[in-house]
Every structure is written in structure tokens, then in C-alpha cells.
Amino acid sequence: MTQSSTGYAAWLPSERWSDEARIESWRPLFEQIEAHMILRHEGAGASALRELIGGIQTLSGISPRLTVKSGTPLLIFGDAQVSQKAPSDLQEIELAEEAYALQIDLENSIPYALIRGGSDVGLLHGVFAFLRLLGTQQSRPDKLHEIEAPHHPIRMIDQWDNMDGSVERGYSGNSIFYRDNRILLESQRIADYARLLASVGINAISINNVNVHAAETKLITADLLPDVKRLSDLFSSYGIKLFLSINYAAPIELRELDTADPLDADVQQWWRDKAQEIYAAIPDFGGFVVKADSENRPGPFTYGRDHADGANLLADALAPFGGLVFWRCFVYDCHQDWRDRSTDRARAAYDHFKPLDGKFRDNVILQIKNGPMDFQVREPISPLFGAMPLTNQVMEFQIAQEYTGQQRDVCFLVPQWKTYLDFDTHLTGEGTTVKKIAAGQIHPFAQSGVAAVSNIGDDDNWTGHHLAQANLYGFGRLAWNPELSAESIAAQWSALTFGLLNPAALFVEKLLMESWSVYESYAAPLSVGWMVQPHYHYAVDIDGYEYSKWGTYHFADRDGVGIDRTIATGTGYTGQYAAENRDVYDSLENCPDEVLLFFHHVPYTHILKSGKTLIQHIYDSRFEGVARIERWIEQWKSLASEVDPSRFEHILRRLEGQLDNAKQWRDVVSTYFYRKSGIADEHGRTIYG
Ligand code: GCV
């Protein structure tokens, strides 16, 4: 059992290895390190050295003797003469800027171990990969040759933090960035957050909520830019570019103009001047994230302009400085009349943006949520992704568990994200997967990749639920390399967090891998979605959104449930996919069960591919979800001696809370559908009539 742990160190090295043989095997390499780099006090090279030396000291207690020479980014372990003597091809392999090479050959006539980077940032990635190797392998490899470059060019984290210190959809305390409308400059947490993000390869961060209120509108003003610069410098020393969410109506809100019309010459000049001012203060500033004409936020529609006009206004202002505009596509009618069956929120992003393909500047990137609705437990993929060959795109995920248990219930989202990244859109023929599109391998995107809403706050363990850390870790790892399996990511995170070969780590890995399907099995059935308490989005409320203005309906009646989105009789949404996918979703027979109710209104007696009727599936899976959590709790209790008491208790309490939540879902959902359908459970379990 380890010492009591708050979980603050997360997956980074935090404890000395107890196995002395393991330490001794590394000693010859750890005792002396030669660094080749142009050492700048605050650069990524300095961070790489700090992380490497600190990590080695923590894990082994050895303090390496360090010599620093100027040269290309390289770290040589052990014999300092290796660089002269080692095989000559060692330093000849070309590395992309963010790439690294880890090489160990202790069987060679000149034994060597080294880390090379395509740049100082690449070296930093190499150091974190090396620390990960130390944490996930029991014995020192005698031979290793690993060259890695990130798959997605953009790997971004979006904070939804407000300057009053709150976090929109935050489930782990308050903001680590702000309090009382001030930036928390001296916070060690921000520096440690930069370390955590860099350790999984994140290279961009937007530090404020996309809903930009009065206080955050001022982040781009002379008063606050010096503070923003300090944060930007800090993240930049970890290879992470800093972005700000801006208020589209900033010229008006800051009382400098009376319009924000993108075609108005004064507005254009205002943004050009603003960009100049920002870049004078922060030369390596990344650019803007924009939520416009979405959920009552201002935007170009007010002036009869479209999204391309709006985005290009900002893009033109940022272009001279190399800045980017992330323009979000989460645009739909949020004042819908539930009586109106012709409007389908799922169609909205595609209908708004697809016709604008080719009209956006090169430094505009459309940010598209993974699904057409809003981060539900399961949704089909957004048909807009990949459907605009002339327009840069990133896919947006939500690490914060808004609809997936709010970091009170465990729900490891990596398996869910993989279904999107692996999805074959067929948009340019077979094999047009999302991960290829997001890597810029299909269309000649200048910029592409993945972004995600963060799940951290100022709770001791960062994420509320300890196990929710695995989602932050997993997003970064998947953004770097989408070929990694969900199992391997879960296994790595569990080993780094609970200790290699610890039985608790092995159990946590299994639990994480089951958790999305467990969550899905007690929440809204078969991707119908939205059966949650309005606004709050945790607990069950089946009709909470049924008669609302948000376009989020399940249409349950006495005969069946689900939304008809087919071409012949429904909203026609299926027609937004390439033919291969359209035909599958459009057909009641071929549509996969897990997304059935998203696409079809189905009678309760419909036979699913599993052979069960829909109503029996609804009952069975609700009961199964509860039973699986009961088993987790039993198993976790048996591991009490393997985990430090504070984390053991914390996880136990959270699992017990999850059990209560799942029981409530089970009983409410089962009762609701029993009352609607009048069809009893085949197994005669307690369903409240
Ligand atoms: C930041 C959903 C969330 C909102 C969020 C919005 C968005 O509607 O509930 O909190 O606002 O998505 O992604 O912009």
C-alpha cells in the first residue's frame, strides 16, 4: 500500500520505486546525462531537462550529473562519449518539429541510450515518453528504437473557465486560472497543469469559456494583456500555444463602436488594430476561439451576414501575425417550438455550414462537435466532419462529463472517442476515416486536428473523481496517436497512477474499459439521449426536455419511442451522410442497434439485432447496469489493502453514489416505459406501475 495520496501528481512520477533491482538496472544510465541544446531559461528545452532530472530523482533517488553543450536537441545517458562513438546514422534520421526518437542499445559495441527531438518541444515530448516508459515497464529494455511524431497537427484543450472563478460544466471545483475577475498568476497549479498537458502531447489551449461574458471580453484589452502574456509564456515553455475565446460583439461591449457588422470598415479596422495590439504584447499568441450565433451569443446573423463573413473578419485581422480562428459550428435554433416536427436540431450544423465550403480564409478552422447534437452518451458522428473539403476542420470532444456522469459517475470516454476517430465517413471513398481527415491526410487542410473541453478544476485531484483523470490523459494520448487501443491507454494510466502490477491498477483498467457501456446501459436507451434534468444534465428526467425550446425530443408514446430522421418519412437528416452510411442509417433493418432510436421511431415490440424486443432491452440493460456497479463495488472493497486509504475511500464513495444514480435511472426509465407501453418485464422484476 502506498502513502496517502491526493492524486495531485496525477500520472507524473510521484514516488520512489520500492524495487531496488529496478533502480540499480537504470543506475549506469541515470548517473550522468549530457544535454545538447540551446539552453534558454524558460524554453521547452529547460522544461525538458527539469522534467527529466526531476522524474529520475523522484523514481530512483539518483541525481544525475548534468552537462549542457550547445547543439541540436539531444540527451545522452551514461557515457558522455556516446555522441562521438555511437553509430553514425543515429543522428541522421530527420525528425519533424514535434517528433522525438528514443533509442537504447545496450548490446551494441558502444552501448548507448539517448533521446532526440526535432526541436526543443520534440525533446520535451521525448522526455515525457521516456518517463512514461519508466512508469509502465518493469524491466529496463536493452534495446529500444522508437520514433514518434504526432498524428494530429492540432491537439487542443478548451477551458470553459469564467473570470469569476466558476467553470461552465465544471465538476471538479473552481477555475485554476481565475478568481474574482483576476488571473491567478502566481498559481503553481497552472504551471503543473501545463506539465500535465505537455506530458500527453497537447500543443494548444484556449483559457476561457466560449461563452464570453463582460469580464472575459476584456482579456484582449491593455489592462489584461500583460497577465495573459505571462500565462502564454508559461504554456509556451511547455510547447503549448495560448488562445483566447473572444466575444464577437467586443467592439460594442467595450464601448468603442456601435456595430460589430463584419463588412463594416470601422469594425474591420478595429479588429486589425486589436490584433496588432495583442501581438505587440504576445508575439506567439495563437489566436481566437469563437462561439457566434449560437445559444444567444452575438454573431454575424444580426447584420444579415453569414459565418464566413464573421470568421473571415477575424482571420484577416490575425493573418499578418500567423494567428488562427477556431470558429465553432455548434449553431442551431435554441428557441424551437416543440410542436414543430419539421425542424431537426441534428441537421443544423450541416445546413448552416456545408454551403459555405470554400468561403473561409486559410487561417479559419471550423470546430465541429463529434456528434450532431451535444456530447450525449452516444450519438452518431456529425455528418459535417469531412464534408467541407475546402475548409479546415477540427473535431471537438468533451472531456468534461456533462452528459456522462459529471465526474461523479465513472465513464472512461476513450472507447467512445475511438468510435468517432475510427469512423469511415466514405466521403472520398472507402477508408475516409475521421482520424485521417483530422490528420489532414485526405483534404489538403492547412490546419486540422482535435480539440476537447477540459475536465479539470481546483479540486486536489484535478478532476473531482480520481478516475476521471484517465479521460484527460486518454484524450492527449489519442490526439497524439489515435492508433493506440483504449485498453492500452487505460492500462498505462492505471499503472502510472496506482503503480505497475498493482492489483488495484489491473482492476481499474478493467473497470475503465467497462464504464462507458455501463453508463450507457442505465442512462437514456439506444442513443435517444436527453432524458436528463434540464440545464443540470446529471440525473434522470425523462420528459425534462420533451416540451422545451432546445430541439431535444424523444417522442415516446404508447406504441414506441425515437426520432424519425429518415428520408422517406422523417426529417431527412440521414441524407447528410455519404451514401454508404446514409443507407445503413436510413434502413430500420440495417441501422445498428446502438443508434437506432436516434434515427427511427420504433415500436416497443420491435425485435433488435440481439433478438430481444426494444422494451425488454430497455428493462434488461437498466437492471444489468445496476448489477455491474454492484460487482465493481464488491471487487473494489476487496482491494482495500492495495491502494492508499484516501484514494480507496474516495473511489468507494463515488462508486456508491453512482450506484444510487443508476438505480434511480433504472427505476424511472423502466417505470416510464412500462406505463407508456403496458408491456411487463419478462423476468418479473420490480417495476413500479
Ligand atoms: C459553453 C452545451 C452546454 C453549454 C455549452 C455549449 C457549447 O449547450 O450545455 O454549457 O456552453 O454546449 O458547447 O457552447
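Tell me which of VAL267, GLY310, GLY678 sits at the most positive position along the dipole axis of the chain, charges placed on C-beta atoms (Lys, Arg +1; Asp, Glu -1).
GLY678
Rounded, prolate or oblate: which fits the stretch 596-677, taking a ≥ b ≥ c as square roots of the Cα gyration tensor eigenvalues, rounded meaning a/c under 1.5, else prolate when a/b beats b/c? Present the calculation step by step, with values, prior to reporting the outcome.
Working: a/c = 3.52, a/b = 2.71, b/c = 1.30.
Here the stretch 596-677 falls in the prolate category.
Calculate, in nm to one decimal, what ARG341 and PHE555 gain on full extension: separation in residues at 0.36 nm each, minus their alpha carbon distance.
Details: separation 214, 0.36 × 214 = 77.04 nm, distance 1.02 nm.
Result for the pair: 76.0 nm of gain on full extension.
Starting from the Cα gyration tensor of the stretch 409-549, take the square roots of the eigenvalues, sort them a ≥ b ≥ c, and report rounded, prolate or oblate (rounded when a/c is under 1.5, otherwise prolate if a/b is larger than b/c, else oblate). Spell out each step's value before the answer.
Details: a/c = 1.78, a/b = 1.06, b/c = 1.68.
Oblate.
What's the extension gain from GLN664 to ILE147 if we count 0.36 nm per residue and subtract their Cα-Cα distance?
Working: separation 517, 0.36 × 517 = 186.12 nm, distance 4.91 nm.
Answer, rounded to one decimal: 181.2 nm.
Once label points are set 7 Å from the Cα along Cα→Cβ at both ASP351 and THR67, what is their separation, rounded to one decimal in nm?
7.0
Label-point separation (nm) for THR686 and ARG255, each offset 7 Å from Cα along Cα-to-Cβ?
Taking the two extended label points, one gets 6.3 nm.
What does the charge dipole of the stretch 3-148 about its Cα centre add up to, to the nearest 20 debye, if the Cβ of each Lys and Arg holds +1 and the Cβ of each Asp and Glu holds -1?
In total the dipole reaches around 400 debye.
Could you tell me the convex hull volume per residue, in Å³, taken over the Cα atoms of the stretch 173-274?
Numbers: hull volume 11.9 nm³, N = 102.
Taking only Cα atoms, the stretch 173-274 has a hull volume of 117 Å³ per residue.
If you plug each phi of the stretch 540-545 into the Karplus form 6.51 cos²θ - 1.76 cosθ + 1.60 with θ = phi - 60°, what whole-Hz ³J(HN,Hα) values come out, in order, with x for Gly and Pro?
Rounded to whole hertz, the list is 6, 7, 4, 9, x, 10.
SER166 label point, 7 Å along Cα→Cβ, cut-off 19 Å on backbone N: hits in the stretch 508-539?
Residues 533-539 fall inside that zone.
Grab the beta carbon distance between GLN57 and THR136, set R0 = 22 Å, and tell me the FRET efficiency rounded to 0.05.
Working: r = 19 Å, r/R0 = 0.86.
After rounding to 0.05, the efficiency reads 0.70.
Tell me the GluC sites (Glu not before Pro) within the stretch 1-41 that lie in a loop according to DSSP and have at most 14 other beta-carbon atoms within 10 Å.
On the way: sites: GLU15, GLU20, GLU24, GLU31, GLU34; in loops: GLU15, GLU31.
Qualifying residues, ordered by number: GLU15.
When the Cα centres of the stretch 311-351 and the stretch 664-688 are compared, how far apart do they sit, in Å?
40
Find, among the trypsin sites (Lys or Arg not before Pro) in the stretch 214-269, those assigned to loop by DSSP (not H, G, I, E, B) with at most 16 other beta-carbon atoms within 10 angstrom.
On the way: sites: LYS218, LYS229, ARG230, LYS241, ARG255; in loops: ARG255.
Answer by residue number: ARG255.
Determine, for ARG477, ARG305, the number of other Cβ atoms within 10 Å of each Cβ, and report the residues in order from fewest to most. If you can, show how the numbers build up before the last one.
Working: ARG477 22, ARG305 19.
With the sparsest Cβ surroundings first, the list reads ARG305, ARG477.
Set the Förster distance to 60 Å, then compute FRET efficiency between HIS535 and GLU634 from the Cβ-Cβ distance, nearest 0.05. Before the final figure, lay out each step's value.
On the way: r = 35 Å, r/R0 = 0.59.
Efficiency at R0 = 60 Å is approximately 0.95.
Between ASP460 and ARG230, 0.36 nm times their residue separation minus their Cα-Cα distance comes to what? Mind dumping the intermediate values first?
Details: separation 230, 0.36 × 230 = 82.80 nm, distance 2.40 nm.
Value of the extension gain: 80.4 nm.
Label points 7 Å out from Cα along the Cβ direction at ALA579 and THR671: separation in nm?
Each label point is offset 7 Å from its Cα along the Cβ direction, giving 5.1 nm.
Compute, for the chain, the length of the dipole vector about the Cα centre, with Cβ point charges of +1 (Lys, Arg) and -1 (Asp, Glu) only. Units Debye, rounded to 20.
On the way: 62 positive and 92 negative charges, 112 e Å.
My answer is approximately 540 debye.
Between rounded, prolate and oblate, where does the chain land on the alpha carbon gyration tensor, with a ≥ b ≥ c its root eigenvalues, rounded for a/c under 1.5, else prolate if a/b exceeds b/c? Spell out each step's value before the answer.
Details: a/c = 1.81, a/b = 1.24, b/c = 1.47.
Verdict is oblate for the chain.
What list of ³J(HN,Hα) couplings, whole Hz, do you get for the stretch 200-214 from phi and the Karplus terms 6.51, -1.76, 1.60, once you set θ to phi - 60° and write x for glycine and proline?
Running phi through 6.51 cos²θ - 1.76 cosθ + 1.60 with θ = phi - 60° gives 10, x, 5, 10, 8, 9, 10, 9, 9, 3, 5, 7, 9, 8, 4 Hz.
Would you mind working out the magnitude of the charge dipole of the stretch 525-579 relative to its Cα centre, with +1 at each Lys and Arg C-beta and -1 at each Asp and Glu C-beta, to the nearest 20 Debye? Please list the in-between numbers first.
Working: 3 positive and 6 negative charges, 38 e Å.
Charge dipole of the stretch 525-579: 180 debye, to the nearest 20.
For LYS435, which lysines qualify as cross-link partners when the Cα separation must be under 27 Å and same-chain residues fewer than eight apart are set aside?
LYS241, LYS291, LYS354, LYS359, LYS369, LYS418, LYS510
When the Cα centres of the stretch 25-67 and the stretch 98-117 are compared, how far apart do they sit, in Å?
Computed from Cα coordinates, the inter-centre distance equals 15 Å.
Under the rule of at least 5 residues apart or a separate chain, name every residue whose amide H is placed under 5 Å from the amide H of LEU257.
Those lying under 5 Å, H to H, from LEU257 are ILE252.
With a cap of 11 neighbouring Cβ atoms within 10 Å, and only residues DSSP puts in a loop, list the trypsin sites (Lys or Arg not before Pro) found in the stretch 512-579.
Numbers: sites: LYS549, ARG558, ARG565; in loops: LYS549, ARG558, ARG565.
Answer in residue order: ARG558.
As a test of understanding, state the convex hull volume per residue of the stretch 3-148 from its alpha carbons, in Å³.
On the way: hull volume 16.1 nm³, N = 146.
Residue-normalised Cα hull volume stands at 110 Å³.
Determine ³J(HN,Hα), in whole Hz, for all residues of the stretch 378-390 in sequence, where each value follows from phi through the Karplus function 6.51 cos²θ - 1.76 cosθ + 1.60 and θ = phi - 60°; x replaces Gly and Pro.
With the stated coefficients, the stretch 378-390 comes to 8, 9, x, 6, 5, x, 6, 5, x, 8, 10, x, 9 Hz.
Read-outs throughout are calculated quantities, based only on the coordinates presented, and are distinct from any laboratory measurement. A quick note: this is a predicted structure, and the numbers were derived from the prediction, not measured. Methodologically, a virtual Cβ is constructed for each residue, glycine included, from the backbone with ideal geometry; neighbour enumeration extends over all protein chains shown.
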